Amino acid sequence: MSHHAALPQIMGILNVTPDSFSDGGRFLAPRQAIERALAMVEEGADIIDVGGESTRPGAAGVSLQEELDRVIPVVEAIAARVDALISVDTSKPEVMREACAAGAGMINDVFALQAPGALAVAAGTKARVCLMHMQGEPRGMQVDPRYDDVVAEVRNFLAARVAACLEAGIPRDHLVLDPGFGFGKTHEHNLALFRQLPALVVDGLPLLVGVSRKSMIGKMLGDDRPPRERITGSVAAALLAAQRGARILRVHDVGATRDALRVLAALA
Ligand code: 7PM
């Protein structure tokens, strides 16, 4: 057998928004979300990331009640049915608390627990925490992102958030770090971060990489490729991220990513 490091874990993306499923409508979403989660676990997902889309680039945000209504029933239902770790993609402390009570074991926060009360809520759960870097806020962050040294600034931000988490009582071994591809970054910023991935490791903490179907992949493949036609490019990027030490890959296409990782494991 190989002496190489363990393969990264695969985090499958589960969007729970009213228009995420072909039938539309909030009423049908939980059942279809469960089917999608089960399929992703079957394809090799270790983690299911459940998101109510409050924090997407350009998003105006949804109300607390709306996000709870979208996310909590789905977390409850999949927690009862799958072995995978359930992650909740939210920046709202109340959603973090309710989701963890419903069975989530990971908080994925694109605001890195900077919302008032978020550090304390996260510390009060036993959940792992993914701290992501973002410049600005989802609405407007892509207008004119600027850095003097993007790698150093992202790394310093993540180090400061690690310190805040430790201060709040979150155990070090619960933390995961993420450079936040596409969140307040130009294409050049994204490329610099990807190329220097190992330089972003703080205190030996694991890195999560999320580039699946993103516009940075679209830019490399030529314009006007819709997200669904970025799968092969996304898998190639996931493989490179794995080779550069990423420990969690956040992806839409779980089976394709798992196949690529198996080939990497055999040939690396
Ligand atoms: C529209 C644009 C919809 C972008 C969704 C997105 C990340 C994340 C997202 C990431 C972590 C997407 C993004 N991206 N959480 N949430 N890391 N930790 O492509 O890169 O899924 S939302």
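The values are calculated or read from the model by the stated rules, or taken from the named source; none is laboratory data. Here the structure is a predicted model, which is why all the values come from computation and not from measurement. Cβ coordinates were reconstructed from backbone atoms using ideal geometry, including for glycine residues, and neighbour counts include every protein chain displayed. Areas reflect the complete protein model, heavy atoms only, side chains present, ligands, DNA and RNA absent. Shrake-Rupley method; radii C 1.70, N 1.55, O 1.52, S 1.80 Å.
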Quiz item: Treating the beta-carbon of each Lys and Arg as +1 and of each Asp and Glu as -1, no other charges, what is the dipole magnitude of segment 153-245 about its Cα centre, to the nearest 20 debye?
Solution: 260
Practice problem: Run the quick spin-label model on LEU191 and ALA80: label points 7 Å from Cα toward the beta carbon, then report their separation in nm to one decimal. | Solution: 5.0
Quiz item: How big is the C-alpha Rg of the chain next to the rule-of-thumb value 2.2 N^0.38 Å, as a ratio?
Solution: 0.95
Quiz item: With contacts defined as alpha carbon pairs under 8 Å and 6 or more residues apart, what's the relative contact order of the chain in percent?
Solution: 19
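How far, in nm, would the chain grow between ALA39 and GLU153 when pulled straight, counting 0.36 nm per residue and subtracting the alpha carbon separation? Mind dumping the intermediate values first?
Working: separation 114, 0.36 × 114 = 41.04 nm, distance 3.81 nm.
This chain segment gains 37.2 nm when fully extended.
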Exercise. With all protein chains present, calculate the accessible area of GLU188 using a 1.4 Å probe and round the result to the nearest 10 Å².
Key: 120
Quiz item: Which FRET efficiency value, to the nearest 0.05, do you get for ARG262 and ASP223 by plugging their Cβ-Cβ distance into 1/(1 + (r/R0)^6) with R0 = 41 Å?
Solution: 0.80
Self-check item: Cut-off 14 Å between beta-carbons: net charge of the residues surrounding ASP173, Lys and Arg +1, Asp and Glu -1
Solution: +3
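Please sort by residue number the trypsin sites (Lys or Arg not before Pro) in segment 126-203 whose DSSP state is loop and whose Cβ has at most 13 other Cβ atoms within 10 Å.
LYS126, ARG139, ARG146
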Practice problem: Considering the options GLY245, HIS189, VAL95, tell which one lies farthest towards the positive end of the dipole of the chain, charges being +1 on Lys and Arg and -1 on Asp and Glu at the Cβ, about the Cα centre. | Solution: GLY245
Quiz item: Given +1 on the Cβ of Lys and Arg, -1 on the Cβ of Asp and Glu, and no further charges, what dipole in debye does the chain carry about its Cα centre, rounded to the nearest 20?
Solution: 420
Quiz item: Say each of GLN114 and ALA5 gets a label point 7 Å from the Cα, pointing the same way as Cα to Cβ; how far apart are those two points in nm?
Solution: 2.7
Self-check item: Choice from GLY117, GLY12, GLY44 showing the highest fluctuation, given a GNM over the chain with Cα pairs closer than 10 Å
Solution: GLY117
Quiz item: When the chain is modelled as a GNM with alpha-carbon springs shorter than 10 Å, which of GLY222, GLY124, GLY245 fluctuates the most?
Solution: GLY222
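222 nm [θ] for the chain, helices only, -39500 (n - 2.57) per DSSP H run of 4+, per residue, to 500? Intermediate results must be reported in sequence, preceding the final value.
Values: 9 runs with 108 residues, N = 268.
For the chain, the value works out to -12500 deg cm²/dmol.
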Quiz item: Of PHE111, ASN156, THR232, which is farthest along the charge dipole of the chain in the positive direction, counting Lys and Arg as +1 and Asp and Glu as -1 at C-beta?
Solution: THR232
Quiz item: Among the lysines, which fall within straight-line cross-link reach of LYS92, defined as a Cα-Cα distance under 28 Å, with same-chain neighbours fewer than 8 residues apart omitted?
Solution: LYS126, LYS185, LYS214
Practice problem: Could you check which residue among GLY169, GLY103, GLY51 shows the biggest mean-square fluctuation in a GNM of the chain with a 10 Å Cα cutoff? | Solution: GLY169
Self-check item: Intensity falloff of segment 184-242 expressed as log10 I(q)/I(0), Debye formula with alpha-carbon point scatterers, at q = 0.16, 0.18, 0.30 Å⁻¹
Solution: -0.52, -0.64, -1.33
